[in-house]
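Scroll down for the structure; my scribbles are underneath it.
Here, each number is a calculation from the coordinates, and none is a lab measurement. Remember, it's a predicted structure, so these values are computed and weren't measured experimentally. Glycine also receives a Cβ, built like all others from the backbone with ideal geometry; neighbour counts cover every protein chain displayed.
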Amino acid sequence: MKILVTGGAGFIGSAVVRHLVGDLGMSVVNLDKLTYAGGLESVAAVSDSDALAFEQVDISDRAAVERVFADHAPKAVMHLAAESHVDRSIDCPSAFVETNVNGTFTMLDTALAYWRGLSFKAQKEFRFLHVSTDEVYGALGGEGLFTEDSQYRPSSPYAASKAAADHFARAWHHTYGLPVVVTNCSNNYGPYQFPEKMIPTMVLAAIAGDRLPVYGDGSNVRDWLHVEDHAEALYTVLTKGRPGEVYNIGGDNERRNLEVVEAICAELDQLLLNSKNKPHRNLIEFVTDRPGHDFRYAIDGSKLERELGWSAKWKFEKGLAETVRWYLENRDWWEPIQKIYSRGRQGLGNA
Ligand code: NAD
Ligand code: TDX
């Protein structure tokens with residue numbers, strides 16, 4: 001079975017590609033524009049495989065996307081390509097509308113035309129997996145969990161663009177019968193995450209002896225899932241999920257941001273015994289909060305566990321420790337990125 005993965009040069013998409021090609025021996029077409037967030041180094045572990053093809057294409061470019069479908073005849077689509085960083089969406093929302101909304105529309109509509117040309121059997125087997133986020137549900141207070149029935153209340157331009165994309169995905173199933181499945185996942189962490197997101201930002205800043213910028217008072221809560229667990233969950237939903245359904249994916253790992261930053265510092269204290277920056281927690285600095293900062297995300301992932309038999313394997317403390325170690329041992333992956341991205345503050349809405 002050949003799978004078309006969009007955004008396969010990004011953080012989660014590359015974990016999906018490594019899982020499909022490396023662990024499962026499947027054929028994959030990786031469609032990616034290679035924005036600042038994408039790099040083929042993230043799929044280097046499988047790039048020698050004949051089972052992996054790459055297409056440098058923008059998901060909003062309909063003619064190019066049509067050509068990819070025609071050339072590769074995929075049996076399924078896993079759609080991950082997106083602008084993904086909340087802070088960037090505050091500074092430059094138009095890119096999020098263009099890629100996340102128009103690009104998703106283009107992917108759905110091109111897939112529909114392709115699907116209509118398939119045999120009855122191939123149509124029944126085809127899947128379009130739309131990968132989304134728990135941020136579409138807005139923010140939680142101290143109590144409660146997001147379920148698949150939670151109301152859509154997106155807060156940031158990023159979340160609004162993903163919510164719009166989710167509605168298009170559902171409509172292409174409801175109106176045209178395209179076999180769409182939607183997933184909404186909590187915060188991912190792990191190797192190959194672009195160093196603008198919170199965890200790699202803190203790890204790289206601490207290694208450099210720079211200040212660790214904790215937004216507000218650090219009490220905001222995120223529910224962390226290891227990216228390799230997410231990749232496996234997505235394959236489970238692709239192969240076992242029912243068209244028209246939504247599945248929340250979570251890790252049951254709610255942590256306050258300050259707790260996570262302190263755990264990173266403690267890990268670095270152990271790994272960098274001779275560092276002059278020890279104890280790294282002294283580098284923590286509380287900075288101006290993110291505008292519209294969602295207080296808490298937490299997922300009820302019981303539907304996925306109950307109906308499709310998936311559950312996360314990684315324990316957060318072990319996964320975080322291994323992630324810190326991965327960044328220390330893989331400077332050749334992130335040092336070139338630092339030449340184009342300086343870890344400066346984004347998302348104050350001044351850009
Ligand atoms: P990422 O920013 O690391 O990677 C995005 C990838 O998409 C990059 O390789 C980039 O080059 C590519 N891309 C961007 N615009 C494109 C375009 N117009 N055409 C083709 N390719 C394009 O993102 P990520 O963190 O890996 O997120 C992947 C998906 O998962 C996104 O849809 C995101 O909304 C969703 N998601 C992310 C998280 C998270 O914690 N990171 C959690 C839940 C859901
Ligand atoms: O420097 C920082 N300091 C800080 O305190 C950064 C970059 C973030 N934060 C805080 C903001 C959040 O409360 O840490 C938390 C996590 O921030 P991000 O890594 O930017 O993630 P978040 O905004 O929660 O969104 C992420 O999870 C859901 C992904 O970027 C989205 O793509 C995904 O949909």
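Before moving on, here are some points about what is shown:
- Inter-part distance where segment 72-144 and segment 232-295 are each reduced to a Cα centre, Å: 24 Å
- Rounded to the nearest 5, the antiparallel percentage of DSSP beta bridges internal to the chain is 10%.
- Dipole of the chain, positive direction: furthest Cα of 26, 136, 165, with charges on the beta-carbon: 26
- Rounded to whole Å, sorted largest first: equivalent-ellipsoid semi-axes of the chain, Cα gyration tensor: 33, 22, 19
- Between residue 306 and residue 56, the simple label model (points 7 Å from Cα in the Cβ direction) yields a spacing of 4.8 nm.
- Charges were assigned to the Cβ only: +1 to each Lys and Arg, -1 to each Asp and Glu. The resulting dipole of the chain about its Cα centre is roughly 280 debye.
- Kirkwood radius, segment 215-280, all distinct C-alpha pairs, inverse of mean reciprocal distance: 14.7 Å.
- Within straight-line cross-link reach of residue 197, lysines at Cα separation under 29 Å, skipping those fewer than 8 residues along the same chain: 33, 162, 276, 278, 303, 313, 315, 318, 339
- Normalised by 2.2 N^0.38 Å, where N is the number of residues, the C-alpha radius of gyration of segment 23-128 stands at 1.16.
- In the chain, helical runs assigned H by DSSP with n ≥ 4 each contribute -39500 (n - 2.57); averaged across all residues and rounded to the nearest 500, the mean residue ellipticity at 222 nm is -11500 deg cm²/dmol.
- In segment 169-272, Rg over Rh equals 1.12, where Rg is the alpha-carbon radius of gyration and Rh the Kirkwood radius from pairwise Cα distances.
- By the Kirkwood approach, averaging reciprocal distances over each pair of separate Cα atoms, segment 187-230 gets a hydrodynamic radius of 11.5 Å.
- Low-density loop cleavage sites - trypsin sites (Lys or Arg not before Pro) in segment 231-322, where at most 11 other Cβ are within 10 Å (DSSP): 276, 313
- Amide proton proximity set for residue 185, modelled H, under 5 Å, gap of 5+: 132, 133, 134, 249
- Of the GluC sites (Glu not before Pro) in segment 77-155, those whose Cβ has at most 13 other Cβ within 10 Å and which sit in DSSP loop: 143
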